[in-house]
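In what follows, a single structure is set out as C-alpha cells and then discussed.
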Amino acid sequence: MSAAEDLTSAVDDLFTIATRELRTVVRTPAVVALAVVFALTVVGVAAAGSGARGGYVPLVLDLLPFVEALVPLLGFALCYRTVLSDRRSGELDVLQTFGVSRPAYVGGVFLGRSLALVAVVFGSLLVAGATVPVLSPEKPTFLALNAAADSPAAFARFAVLAVVFALSTASVALAVSAAARTARQAIALAVGLLVAFVVGVDAAAVAGLATGRFGIDTVPHLLALSPNGAFRSLVFGVAVETGQATTPLVALVGLGGWLAGALFVAVVTAWKPVE
Amino acid sequence: MAFVTPTATRWVAGVAALVLVLASVSFVVPVSGTVSPVSFDDTVKTGGTAVDVQQAKTDGFEVPVAQAHFSRYRYIIGYYGVGTAAADVASPESARQFGDPLAVFVSDYATVSPVLDEDDYLRTEHNRHPGWVEASDAVFVVDSDARIPSGPIVVPFSDPTAARSFTDEYGGTVVDWETLRERSESSLSGRLDAFESSVESHHDWADQTTAAREPLFDRPVSTVVGEDAPTIEAAVESAPEGTAVYVPPGTYSVDSIDVNRSITLLGAGNATHLVGDGNGTVVHVRADEAAVGNLSISGVGSVGTRRVRATNESVDWDTRVQLAYGRGDAGVVLDGATDSALRNVIIDTPASGVIVRESADSVLDNLTIRGAATPSEGFMGIVLIGEPSVVQHSTLHDGRDGVYTHRADGSVVRDNYMEGGRYGVHEMYTSDMLVADNVVRDERIGVIIMTRPVGNLVVGNDIRDSDFGFIPAGSNTYVADNVFATNEYGMDVSGDRQVYTRNVVVGNNIGVRGSSTFPTNVVVRNDIVGNDVQVESTLGPMRTWTTDGEGNYWGDLPLADEDRDGAYDRAFQPSGPIDSELGRHPGALVLSRSPVMDALRSARDEVAGLRGSGVVDAAPRTEPVRSATLASLNATETANTTGAMTHTEKPNV
C-alpha cells in the first residue's frame, strides 16, 4: 500500500472508532445524566449570579470557578476508562488483528468522546450566555453605549477557551485510561490528577510563594503547569481583561502541551507495537 | 443507533470544528473598540444644577462639559462642569465601580474665541460650539473669573497659548489634567468636615439673621387700632416708619392690608384675629425691615396657583415657575421685603400660608399654618422664592407642601413640624440650603430635592409614617443624622456624589431605595435595621456602600467577626435574595455558606459597573452607630427581624 492509502485507511479507522465511541456515550445513561446535570448547573449558576443581569464579562467571572471545577470532572468521567475497558474486554487485541494503528485508535476514541464533551460544554455555555440578553434590563436607546466595557465576543472567547480546556482534560483522562492496567489504578490516577488540577497545583503555588521558595514572577509559569491554571490565565488574559492586550502565551503553551502530551502518552501506552 | 454512522461522525466532527473556528473569530474581533467622543446628548448626564443648564440654554452662555469612558461601565458619563468630571474620575468610588477611565474628553475652547460677558458667563464668538479634546492632551484654566450660576468653572483648552491669553484677560492659572484631578481629589473625611462646617455656618447665619430681626418686634407702638386709627388699614397707613401698629384683641374683618413702609404690625396673640374677605392675600408686605407678629389670620382667597397655561414665548422658565408658585393667594406675602420678619402668626388658608418673594434675609419664626384638608385642594404652607430666608419653629398642617422653595439658595429651614400634607420640604432649583431638625409625620414625602441642585444639607430631621422619607436629586447633598422610621420607603439614594451618614432607617416597609444610575454616592455609618425589605435596588449597576473600610449597620447578622475590627468578615449584599433573609430564616445562613454562594460572592466584587443592580456592603458593622436612637425607637433587640415597629395606617394623600 502507498503512504496515501495508508493514511486514508487510518482516517477511516479513526472515524469508525469515533463512531463506536459516540454510540457508547449516547447509550450510557449515567454519562447522559452527568451531561444534563452539568448543563443545568452552568445555566443555574448564570441565573443565580448578578453577572447575567448585567453583561457578558461579569457572567464569565461568575461561571469561571464552576467551569474550572466541573469541566475536568466531565472530561474525566467520559474518558478515564475508555482504553482500559477495551483492553480488558479483549477488543484491543481484535482491533490489532485488523491492523488498526495506535494513533488511529487513540485519535478515534478521543474524537468520539470529545464530540460529546464539546457539545455539552459549548452548548451549556451558549445557553448560559443567552441568559444575558434575557435577564439584563433593557438598555435605553437614547444613550450611547461604551463598546469598550462589555461584549459578547468576550463570552465567545471564554466558551472557546473552555472547549480547549475540556479537550485537554479529556486527553489527560485518555492517557490515564491507556496507562492504567487495572480499574483501581485508573480511578486512583484520575481522581489524583483531578484533585491536583482543581486544588493541588494552585495550593502548591500559593504554598511556594508563602514560604518564599519562589517569587511572584514565576507565578504565570506555575499556573501554566496545570490545565486549570493555564485556562484561568487565558480567560483573564483575553476574555476578561479586554482592554489590555497581553496574551498569556505561556498559558497557551501549557494548555496545548497538556493536550498534545497526554495524547502522545495515550498513543504510546495503548499497546506495545509488534516488532 | 443506526443513525450514528462513520459518515455521520465525519459530518458532526466537521460541523463541530466549523463552529469552533467561527467562535474563534472572537479572538480576532477587537473587544475594545476605539474610544472616541460621542454627542453629549447621548451620555448619561450628571453635575451642574438645573438652574445652570436651563439658564445656559435660555441665555446662550457656555457650560464646559466633559465625557468619561470607563473600562467597566456600559454608558458614557457626561458631566456639566469639567471640575466635577475631574473629581469623579479621581474618586476611589469611580475606580471601584466603573473600572479605569479609558478616556475623558472635554470641551475645547481654544478655537472658539471665548469671552466673559458682564455676568462673567462664558460665551463664544458667534455662539460657536466647542469641539472635544482628550483631557490628558488639554490644559485647564482654573480660578479665573469665569462662572455659571452655581459657581466658578474650569475652562479647558487644547492649546496652552489660547489658555494663557484667556488668563491674561480674565485671571486664573493654567494647569494640566493631572493637576486638576489632584486638586479635585477629596477624601471622605475632608468632605465630611466641609459639610459639617457648612451646616454650622448655615446655623450661624440663621442665628445672626434671627437676632438681627429681633429689634423689629421691640419697636415703640405709635398707633393703636381702635384708638389712634379706626381700622388696621388706616393705622398701617398713618404709622411713622420704625414704629409698631398695635392691634388689640378682637376679630377684624379686613380687605387687604398693604404694609408699604418699615413698620411692625403687632397683635395681642391668638386673640387678635384678622379675617380676610376670602379673596386674594390678606397682608401684603412690600417694604424692607417690616414685620408682622402675634396675630392670627384667616379668610384667605382660595387661588393656589396662577399658572400660565398657554405656551408663551415671552415667558421664560423662571417666570413660569414664579407665576405658578409665587402669585397665588396667601395669608401673608413678603414681596421684596428684605430684612423683614413674621413671628407668632397663625394662618388658616385654603391656598398658601406665606409667600416670600425676593425678600433676602427674612425670618419666619414660630408660625402655625393650617392648609386645606386634602393636598390637591390646598397649596404651599410657606413658599420661598429668589432669596435666602430662615424658616424655623413653625408648624405646618395639611395643605400641599410644608415649605416650597424656588431658587432660594442658602435658606435655612429648621426645627419645624410638618404633618398631613403632600411634601414636608420641597426644594426646587435651590442649592446650598439647610434643612435641619424638622419633624415630619404622615406626608407623601418628608423631604424632596428636585431639579439637580448642589450642596444641600439635610441633617437631624425625623421623618415618620410617610410614603417616602427622603428623595434627593442633584449632587453633593449631605444627608446626616436623620431618622427615617415606619415609612413606606425610608430614604432614597439617588443623584450623584451624595453623602449619607449616621442616618437611622428603621421599621420601614422598604428601608433604602437605590435608584441612581450612578454608583458614586457614599453611604456609610448608617443604621439600617428592621425594615421589611432593607434595600431595594432596581436601577443602576451593583453599588458598594463602603468607603475607607467603613460600612453600615444592617442589624445583628449571623456572621463572624474573627478579627474583632467591628466589621463582619465578609461582604454583605442586603439587596440579594439570600443575604436579605440572613438572620430572619435559618435556611438563608446555610445556603449562604455553600461553595456556590462563596464563589458567586467573590466574583460579584469584580466588574461591579456591569453587573445587575444591587447593593453590597464590604464592611458591614457589627455594632450600631446610633445605639441610643435605635433603643429609643425600640429597634435594638429585634434588629434584623420584621415587626419591630408597627406601621401606622395612613390616609390616602
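Anything in segment B:586-615 that is at the interface with chain A (Cβ under 8 Å from one of its Cβ atoms), closer than 12 Å to A:LEU59 by Cα, in contact (Cβ under 8 Å) with a residue 12 or more places away in the chain and crowded, with 23+ Cβ neighbours inside 10 Å? List them, or say none.
Passing the criteria: B:ARG604, B:VAL607, B:LEU610, B:ARG611.
Within segment A:27-47, can one find any residue that is surrounded by fewer than 18 Cβ atoms within 10 Å (Cβ to Cβ), out of contact with any helix residue (DSSP H, G or I) (no Cβ under 6 Å at 6 or more places or on another chain), more than 13 Å from chain B (Cβ to nearest Cβ) and part of a loop (DSSP other than H, G, I, E, B)?
no
Return the residues of segment B:377-398 that are in contact with a Ser or Thr (Cβ under 9 Å, 6 or more places away or on another chain) and more than 19 Å from B:GLN322 (Cα to Cα); say none if nothing qualifies. Lay out the reasoning, then the answer.
Here is the first cut: in segment B:377-398, the residues in contact with a Ser or Thr (Cβ under 9 Å, 6 or more places away or on another chain) are B:377-392, B:394-398.
Listed by number, the residues that qualify are B:GLU377, B:VAL390, B:VAL391, B:GLN392, B:SER394, B:THR395, B:LEU396, B:HIS397, B:ASP398.
Identify, from the list B:THR451, B:THR405, B:THR430, B:THR477, the residue that is closer than 20 Å to B:GLY304 by Cα and under 14 Å from the mean Cα position of the chain (by Cα). Walk me through how you get there before you give the answer.
On the way: B:THR451 fails: closer than 20 Å to B:GLY304 by Cα; B:THR430 fails: closer than 20 Å to B:GLY304 by Cα; B:THR477 fails: closer than 20 Å to B:GLY304 by Cα.
Only one candidate passes the filter, namely B:THR405.
Working only within segment B:29-60, note down all residues that are under 25 Å from the mean Cα position of the chain (by Cα) and assigned to a loop (DSSP other than H, G, I, E, B).
Those that are under 25 Å from the mean Cα position of the chain (by Cα) and assigned to a loop (DSSP other than H, G, I, E, B): B:THR43, B:GLY47, B:GLY48, B:THR49.
Of the conditions (1) surrounded by 14 or more Cβ atoms within 10 Å (Cβ to Cβ); (2) over 15 Å from B:VAL345 (Cβ atoms), B:SER253 clears all except one; give me its number.
B:SER253 satisfies every listed condition except (1).
Kindly list the number of the only condition in (1) part of a helix (DSSP H, G or I); (2) of a type in the set (Ser, Thr, Tyr); (3) surrounded by fewer than 19 Cβ atoms within 10 Å (Cβ to Cβ); (4) within 11 Å of chain A (Cβ to nearest Cβ) that fails for B:SER26.
Going through (1) part of a helix (DSSP H, G or I); (2) of a type in the set (Ser, Thr, Tyr); (3) surrounded by fewer than 19 Cβ atoms within 10 Å (Cβ to Cβ); (4) within 11 Å of chain A (Cβ to nearest Cβ) one by one, B:SER26 breaks only (3).
Could you tell me whether any residue of segment A:8-19 is touching a Leu at 6+ places or on another chain (Cβ under 7 Å), over 16 Å from B:THR5 (Cα atoms), facing chain B (nearest Cβ under 10 Å) and in a helix (DSSP H, G or I)?
Initial filter on segment A:8-19 (touching a Leu at 6+ places or on another chain (Cβ under 7 Å)): A:14, A:18.
Keeping just the survivors that are over 16 Å from B:THR5 (Cα atoms) gives none.
No, there is no match, as no residue in segment A:8-19 is touching a Leu at 6+ places or on another chain (Cβ under 7 Å), over 16 Å from B:THR5 (Cα atoms), facing chain B (nearest Cβ under 10 Å) and in a helix (DSSP H, G or I).
Conditions first: (1) part of a loop (DSSP other than H, G, I, E, B); (2) at pLDDT 95 or above. B:GLY293 passes all but one, so which condition is the exception?
Of (1) part of a loop (DSSP other than H, G, I, E, B); (2) at pLDDT 95 or above, only one is false for B:GLY293: (1).
Yes/no per residue for (1) assigned to a helix (DSSP H, G or I); (2) away from every other protein chain (no Cβ under 14 Å):
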residue: A:LEU63; (1), (2): yes, no
residue: A:LEU84; (1), (2): yes, yes
residue: A:GLN96; (1), (2): yes, yes
residue: A:VAL100; (1), (2): no, no
residue: A:VAL106; (1), (2): yes, yes
residue: A:ARG113; (1), (2): yes, no
residue: A:ALA116; (1), (2): yes, no
residue: A:PRO137; (1), (2): no, no
residue: A:LEU143; (1), (2): no, no
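Just checking: which of the helices (runs of 4 or more DSSP H) contained wholly in segment A:159-275 hold 3 or more residues that are free of Cβ contacts under 8 Å to residues at least 60 places away in the same chain and farther than 26 Å from A:VAL127 by Cα?
On the way: elements: A:183-195, A:201-210, A:219-224, A:227-234, A:249-270.
By residue number, A:183-195, A:201-210, A:219-224, A:249-270.
Hey, can you tell me all the residues within segment B:72-96 that are crowded, with 24+ Cβ neighbours inside 10 Å and either of a type in the set (S, T, N, Q) or in a loop (DSSP other than H, G, I, E, B) (or both)?
B:ARG72, B:TYR73, B:ILE76, B:GLY81
Scan segment B:545-565 and tell me whether some residue there is touching a residue at least 60 places away in the same chain (Cβ under 8 Å), under 30 Å from A:SER136 (Cβ atoms) and within 14 Å of chain A (Cβ to nearest Cβ).
Checked segment B:545-565: no residue is touching a residue at least 60 places away in the same chain (Cβ under 8 Å), under 30 Å from A:SER136 (Cβ atoms) and within 14 Å of chain A (Cβ to nearest Cβ).
Any residue in segment A:81-99 that is on the phi < 0 side of the Ramachandran plot sitting within a Cβ distance under 7 Å of a residue that is outside any helix (DSSP H, G or I) and at pLDDT below 85? List the pairs, counting only those 6 or more apart or interchain.
A:LEU92/A:TRP271; A:GLN96/A:TRP271
The values are calculated or read from the model by the stated rules, or taken from the named source; none is laboratory data. Just so we're clear, the structure is a prediction, and the values are computed from it rather than from any experiment. For neighbour counting, all protein chains shown are included, and Cβ atoms are generated from backbone atoms with ideal geometry for every residue, glycine included.
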